[in-house]
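One structure is given below, encoded as structure tokens.
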Amino acid sequence: QVQLVESGGGLVQPGGSLRLSCAASGSIISINAMGWYRQAPGKQRELVAIITSSGSINYADSAKGRFTISVDAGKQTVYLQMNSLKPEDTAVYYCNADRVTTMPFYVGDYWGQGTQVTVSS
């Protein structure tokens, strides 16, 4: 069983910053990639940023230049530093762990419970 526990969401004014964290726990052998997705009311869930085990990073166009994804492999934790936040960044942010190999041998994808980010004055 793998658990992803997110933290760091909240209410912030436009132009402000937040840092999201997502810690993975369980009998994890390896994780192919970890990423952040978001879902605004009435919209589909969309990719924000993803980082692979080899260090490859991809950002959504809306996140480029403002958001930074990083990982502490030893802590199996992924972070999303969000700067220059805009009202349109308001959404529930979900952590994802892709192709997680666990003991006994199993490979699966996992999601966190989501954390609300609200950007408003």
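The values are calculated or read from the model by the stated rules, or taken from the named source; none is laboratory data. This one's a predicted model, so the numbers in the text were calculated from it and none came from an experiment. Neighbour counts are summed over all protein chains in view; Cβ atoms, including those assigned to glycine, are modelled from backbone coordinates with ideal geometry. Heavy atoms of the whole protein, side chains included, go into the accessibility calculation; ligands, DNA and RNA do not. Shrake-Rupley method; radii C 1.70, N 1.55, O 1.52, S 1.80 Å.
Descriptive notes on the structure:
- Near-label residues of the range 12-42 by backbone N, under 16 Å of a point 7 Å along Cα→Cβ of Ile57: 18-22, 33-37
- Straight-line cross-link reach from Lys64 at under 14 Å between alpha-carbon atoms covers these aspartates and glutamates, not counting any fewer than eight positions away in the same chain: Asp89.
- When only Cα pairs below 8 angstrom with a gap of at least 6 residues are kept, the range 1-119 shows a relative contact order of 36 percent.
- The fraction of Cα-Cα pairs per 10 angstrom bin, counted from 0 for the chain, comes to 14, 47, 29, 8, 1 percent, rounded to whole percents.
- Dipole magnitude of the chain, debye to nearest 20 (Cβ charges: Lys/Arg +1, Asp/Glu -1, about Cα centre): 120 debye
- A 1.4 Å probe run over the protein chains yields, for the chain, 53 Å² of accessible area per residue, whole-number rounding.
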